[in-house]
Amino acid sequence: MYAFTLHRPSSVRQAANLLAKSEDAKLLAGGQTLIPTMKQRLASPASLIDLSLIEGLSGIELRGRSIVIGAMTRHAEVADSPVVQENLPALAELAGEIGDPHVRNMGTIGGSLANNDPNADYPAAALGLGATIVTNKRRIAADEFFTGMFETALGADEIVTKVMFPLPKKAAYVKFANPASRYALVGVLVSKRGREIRVAVTGAGANGVFRVTAFEEALQRRFGPKSLDGLSVPAAGLNSDIHGSAEYRAHLIGVLARRAVAAAAG
Amino acid sequence: MSATGIGATVRRKEDQRFITGKGHYTADVNRAGQTHACFVRSPHAHARIKGIDATAASKMPGVVAVLTGADLAVDKLGNLICGWMIHSKDGSAMKMAPHPALAQTKACHVGDPVAVVIAETLAQAKDAAEKVQVDYEVLPAVADPAQAQSAGAAQIHEVAPKNTIYQWQLGDKGKTDAAFQSAAHVTKLDIVNNRLVPNAIEPRAAIGEYDSGTGHFTLWNTTQNPHVARLVIAAFIGMAPEHKLRVIAPDVGGGFGSKIFIYPEEVVALWASKRVGRPVKWVAERVESFLSDAHGRDHVTHAEMAFDRDGKVVGLRARTIANLGAYMSTFSSSVPTYLYATLLSGQYNIPNIYCEVDAVYTNTVPVDAYRGAGRPEATFVVERLVEVAARELSIDPAELRKRNFIHQFPHQTPVILAYDAGDYNASLKKALELADYKGFAKRKRESARDGKLRGIGLSAYIEACGLAPSQAAGSLGAGVGLWESAEVRVNPTGSVEVLTGSHSHGQGHETTFAQLVSERLGIAIDNVSIVHGDTDIVQFGMGTYGSRSGAVGMSAIVKALDKVEAKAKKVASHLLEAAEGDIVFKDGKFTVAGTDRSVPWGDVALNAYTAHKFSGQELEPGLKETSFYDPTNFTFPAGCHVCEVEIDPDTGETEIVNWTAVDDFGVLVNPMIVEGQVHGGITQGVGQALLERAIYDKDGQLVTGSFMDYCMPRAHDVPSFKVGVTVTKCPSNPLGIKGCGEAGAIAAPAAVINAITDAIGSEQIAMPATPQAVWTAIQRGNATRKAAE
Ligand SMILES: Cc1cc2nc3c(=O)[nH]c(=O)nc-3n(C[C@H](O)[C@H](O)[C@H](O)COP(=O)(O)OP(=O)(O)OC[C@H]3O[C@@H](n4cnc5c(N)ncnc54)[C@H](O)[C@@H]3O)c2cc1C
């Protein structure tokens, strides 16, 4: 790790100011992505702005027909939250399958979304549930938030403050973990809210998380696993690496989507 | 059996310190004035070093020195060596290329150390290491052993044309070919034994310290064999004469073979400590472990097994290319030869065996012994062949094995080894019972109802442990003897220290060795301590690997205890005023035979030191004896493992649903520790079969260079094991012990792959059988079936 200056602001405004005026600064949330990269000397920010002392950035709340989760809320808190377990069990399960206990006790939802790792789980939740990402400046619909691999719509001095998940009628997430890293080799989140059906896929897309409209349309007609029979996602353009070829990933998307629909419908 | 004696399940004495954070590892050692080393490693698999500019690095804050291969050359340090001579078929000696501790003319694998920065702090050393400018001329590289000998392949070392280290053979080619010619059936397999990264939990580390007042060096080092390290560093590297070099291996957190070898980093730490006049400390980071710990396995093999009309094996032949990496590591040459081809008879009576092995250089990390070393590779060849043959011949795999088992002992195989004892039928029978082999068909139907594919696979393995005797090892090319030593030091108060040349790095010697002493002397186990891992304290030793410490190390203790008892009887005879021949030692008491006159152990120990009751002319005071034990044969642990899997055909995921292991390790010293070794061994074997593989790309970059991509087995990857034993005593050592440390890793891969291939009905699957690989094999199978219809 290279030397850096550590800032520990107590408000989002302070944090945003520091971010705007410090050169080459980075926000530090749970540190589960950032710190390992720094230890390997692959990232060398001149300063870190630690969000952990800012009050009100963490917590889970049921507001009307939405669950609102503060950006600094740890994965373990989401997994263990009775509010989430009761109203949006798919999200609690997803959070409970991220990494290992150490990672879940430190990693945050804001950090995960801002990082937009193509194999991360939360992006599938945000896109698949039609979440809204709230920042210190604006609200961004999940459909507009994820712009590419490790790329988001966030501006240079923009900070995620919370995430709003509208409650679906049905939802399920099925993950096929990369055996080594436990990130998603492929993960599929399926949800139904009113007339809206979403199928979001993580782990497979060369540009990160994406929706499968063909599946969504088929499920519009009837929300059941059989509706997906005969449908598949083309392998072209999907990720291919030592853990899974594009063909294998394409196949898994179909399998996992059917399983997710079955779980959500059942 | 006493409560703490041989055969008792005694809790591990060493665990108190290990599980309360009180272990003392090399990284815990800190010396006054110590500096820190950071190695500059080649990012290229193969590159000429045109120049190294350390000017900028030397000026960085805290830098004490930047040293390169040129400095090593100035000090005339010798090369690292491989200590086992192998001769090719044509009689020529193996082609050992120079291996300097810091590369001098070229770097031969990614991670090859080319320079070292010594600084006040580790961070400063790392900062400066980035500033060392190495001018590389990148050369073409070869990483795939199957490509290494081809005409267009990069040429790595001048001494080894076509990258070929040796072309070795074992067995009778003419007779074997003849047996194949008249065979009724021949089974053929192409096998890749996947390359593994050892990944001991404690990364390697070294601290070198030089005392300019006395000219003595001390090396703290994560080694499985401190005396061998001292010998090599003294005799071959020429750093210091042996009597001025002390090697200390404190607690060592796992080795699996990877800490047997003498590595560049410890040599450099020691050498640099004299150069800079201060202690030099180096602790590997995990990424460095991936790029510098000797890897394991990496064989490409074509193997065939021939049968007569009755399903009897009449011959086996195999041709293997073994990847030894960029340099020949300490014992690398012996692994794919004498530790491999000698085991190709398995548990079977095979009259004709012939094996050819080409060892090759590639631009990869050196490859050497890793848990099982050669024997897992051999077992995989034999047990896959038998299983596939059974399927081809439509004979039950258990029945085919039974038909070919060796029943008569001793049994001379056509490949050197003479098995001394065993009962292969017994372990097979017990394993099949425990695994409910009979009920498998029903379980398979139940799985099918759930849309799952179920398979069962056997592995009837044998291994040869405690490589010996030294004379025989020497005649096969070993550069060292393979005996073990022990000193039993009785204190005046009757407590005992055992100085052993074995080295514990997870095996539990502090408990098992103490059990032996406790039983033999009738003293409490807490009154025995086991001392190991320091060349200034322990007389000498060959260290721990190859499941040798029970069979060889403990036998040495038995011999020393024999001598202690003999001497103690002499002391007792004076105390009891009886003839020495009339003294009987039992239950911690010396008694005059046929009387009730006795003295306890403690009194004899005390009197041995006070020497008040006998004259020094008659009997020397003291009670301390040393023994060097050289076995008369290998030991031959064997057993049968049964693996049962369930596969999800939609994803290719394999779940191991049942595992039965029935092993014959001879006499068990501590069944709990043995069971732990079996669990760990199987899990490592499951890792090889399902998860682990070191992958190099065509440019020689290690693609699986961290735990993000290299998959180690986790608890959820294995079921709760059913473990049973059968016992035939080992006739060649006093305790009847065979060894148990490697068995699981040897048996497991074949059992897993036999189960998977049974489930999917296709033999075309390589290790590791990842979900993708299994899914692909199922698709391929479906496609060929469709085409056939
Ligand atoms: C061993 C291991 C296994 C893992 N397995 C999984 C897995 O299975 N699934 C999975 O999804 N993830 C996994 N992760 C990643 C983990 O979930 C991380 O927590 C997550 O990716 C980043 O969150 P963080 O809070 O740690 O962010 P940090 O590492 O602190 O930051 C990540 C990035 O986001 C930025 N950032 C952080 N917070 C904000 C904010 N509020 N607004 C704007 N930018 C911000 C930072 O500046 C930085 O660039 C794993 C990580 C490890 C180490």
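Note down the nm distance, to one decimal, between modelled labels 7 Å out along Cα→Cβ at A:D24 and at B:Q133.
2.1
Please find the FRET efficiency linking A:R195 to B:D53, where r is the Cβ-Cβ separation and R0 is fixed at 60 Å, and quote it to the nearest 0.05. Could the numbers behind the result be given before it?
Numbers: r = 68 Å, r/R0 = 1.13.
Step by step, r from the Cβ atoms, then E = 0.30.
Using DSSP H assignments, which helices in chain B have an axial alpha-carbon span of 20 Å or above and a mean Kyte-Doolittle hydropathy of 0.5 or higher? Present the calculation step by step, with values, prior to reporting the outcome.
Numbers: long enough: B:375-393 (26 Å, 0.15); B:554-575 (30 Å, 0.20); B:671-686 (22 Å, 0.37); B:743-760 (27 Å, 1.49); B:771-788 (25 Å, -0.56).
Span-like helices here: B:743-760.
Sum up the charges of everything whose Cβ sits under 13 Å from the Cβ of A:I242, counting Lys and Arg as +1 and Asp and Glu as -1, but leave A:I242 out.
Details: positive: A:R249, B:R693; negative: A:D241, B:E692, B:D697, B:D709.
That works out to -2.
For the pairs A:K26/B:K698; A:K162/A:K226; B:K13/B:K438; B:K106/B:K188; B:K429/B:K738, note any where the Cα-Cα span goes beyond 30 Å. Numbers along the way, then the final one.
Values: A:K26/B:K698 37 Å; A:K162/A:K226 36 Å; B:K13/B:K438 42 Å; B:K106/B:K188 41 Å; B:K429/B:K738 20 Å.
Distance filter (> 30 Å) returns A:K26/B:K698; A:K162/A:K226; B:K13/B:K438; B:K106/B:K188.
Would you mind estimating how fast the protein assembly as shown diffuses translationally, via Stokes-Einstein at 10 °C and 1.306 mPa s with the Kirkwood radius over Cα pairs, in µm²/s? List each step's numbers first, then the result.
Details: Rh = 31.7 Å.
Calculated translational D: 50 µm²/s.
Tell me, what HN-Hα J-couplings in whole Hz come from the Karplus equation 6.51 cos²θ - 1.76 cosθ + 1.60 at θ = phi - 60° for each residue of region B:192-201, using x for Gly and Pro?
With the stated coefficients, region B:192-201 comes to 10, 8, 5, 6, 10, 9, x, 6, 4, 5 Hz.
What is chain B by shape, rounded, prolate or oblate, if you read a ≥ b ≥ c off the alpha carbon gyration tensor as root eigenvalues and call it rounded for a/c under 1.5, prolate for a/b larger than b/c, and oblate otherwise?
Values: a/c = 1.82, a/b = 1.10, b/c = 1.65.
Because a/c hits 1.5 or more and a/b fails to exceed b/c, chain B counts as oblate.
So how much slack lies between A:S47 and A:S245, counting 0.36 nm per residue of separation and subtracting their Cα-Cα distance, in nm?
Between A:S47 and A:S245, full extension yields an extra 67.4 nm.
Skipping prolines and chain starts, which residues have an amide H placed within reach, meaning under 5 Å, of the one on B:I530, given they are 5 or more residues away or on another chain?
So B:I530 has HN proximity to B:V498.
Hey, can you grab everything whose amide H is under 5 Å from the amide H of A:K170? Only 5+ residues off in sequence or another chain; H modelled, so Pro and N-termini drop out.
For A:K170, the qualifying residues are A:K192.
In the neighborhood of B:P771, defined by Cβ-to-Cβ distances under 9 Å, what is the net charge if each Lys or Arg adds +1 and each Asp or Glu adds -1? Let's see the in-between values first.
Numbers: positive: none; negative: B:D648, B:E653.
Residues close to B:P771 contribute a combined charge of -2.
Mean residue ellipticity at 222 nm from the helices of chain B, using -39,500 (n - 2.57) per DSSP H segment of n ≥ 4 over the full residue count, to the nearest 500 deg cm²/dmol?
Details: 19 runs with 210 residues, N = 789.
Dividing the helical sum by the residues of chain B leaves -8000 deg cm²/dmol.
Hey, which lysines would be in cross-link range of B:K452, C-alpha to C-alpha under 16 Å, not counting anything within fewer than 8 residues on its own chain?
Once the sequence-local lysines are set aside, what remains near B:K452 is B:K442, B:K444.
When we measure straight from the Cα of B:K567, which lysines land under 28 angstrom away, once same-chain ones fewer than 8 places off are left out?
B:K559, B:K586, B:K589, B:K613, B:K624
Farthest toward the dipole's positive end in region A:60-265, which of A:F150, A:S112, A:A171, given Cβ charges of +1 (Lys, Arg) and -1 (Asp, Glu) about the Cα centre?
Of the options given, the answer is A:A171.
If each residue of separation counts as 0.36 nm, what is the full-extension length gain between B:E789 and B:Q16 once their alpha-carbon separation is subtracted? Please list the in-between numbers first.
Working: separation 773, 0.36 × 773 = 278.28 nm, distance 6.44 nm.
So the chain would gain 271.8 nm between B:E789 and B:Q16.
Using alpha carbons only, what's the Rg to Rh ratio of region B:534-612 with Rh from Kirkwood?
Working: Rg = 16.2 Å, Rh = 14.4 Å.
Across region B:534-612, the Cα-based Rg/Rh ratio is 1.13.
Assuming R0 = 22 Å, can you tell me the calculated FRET efficiency for the pair B:E620 and B:N491, based on Cβ-Cβ distance, to the nearest 0.05?
On the way: r = 17 Å, r/R0 = 0.75.
That gives a FRET efficiency of 0.85.
So which lysines pass the test for B:K274, namely a Cα distance under 18 Å, with those fewer than 8 places away in the same chain ruled out?
Cross-link targets: B:K76, B:K244.
Over what distance in Å are the Cα centres of region A:26-68 and region B:603-657 separated?
Taking the Cα centre of region B:603-657 as reference, the centre of region A:26-68 is 52 Å away.
Can you give the net charge of the other residues whose Cβ lies under 12 Å from the Cβ of B:A65, counting K and R as +1 and D and E as -1? Let's see the in-between values first.
Details: positive: B:K274, B:R275, B:R278; negative: B:D71, B:E120.
So the environment of B:A65 carries a net charge of +1.
On a 0 to 90 degree scale, rounded to 10, what angle separates helix A:246-265 from the longest Cα axis of chain A?
80
Between A:A235, B:V357, B:Q779, whose Cα lies farthest towards the positive end of the dipole of the protein assembly as shown when Lys and Arg beta carbons carry +1 and Asp and Glu beta carbons carry -1, centred on the Cα centre?
Result: A:A235.
Rounded to the nearest 0.05, what FRET efficiency is calculated for B:D211 and B:V74 with R0 set to 30 Å and r the Cβ-Cβ distance? Walk me through the intermediate numbers first.
Numbers: r = 22 Å, r/R0 = 0.74.
In this case the efficiency is close to 0.85.
With +1 on each Lys and Arg Cβ and -1 on each Asp and Glu Cβ, and nothing else charged, work out how big the dipole of chain B is about its Cα centre, in Debye to the nearest 20.
Details: 75 positive and 86 negative charges, 84 e Å.
Once rounded to the nearest 20, the dipole reads 400 debye.
We did not get these values from a lab; they are worked out from the coordinates using the rules stated. No experiment lies behind these values; they were computed from the predicted model shown. Heads up, the Cβs are rebuilt from the backbone with ideal geometry, glycines too, and the neighbour counts pull from every protein chain shown.
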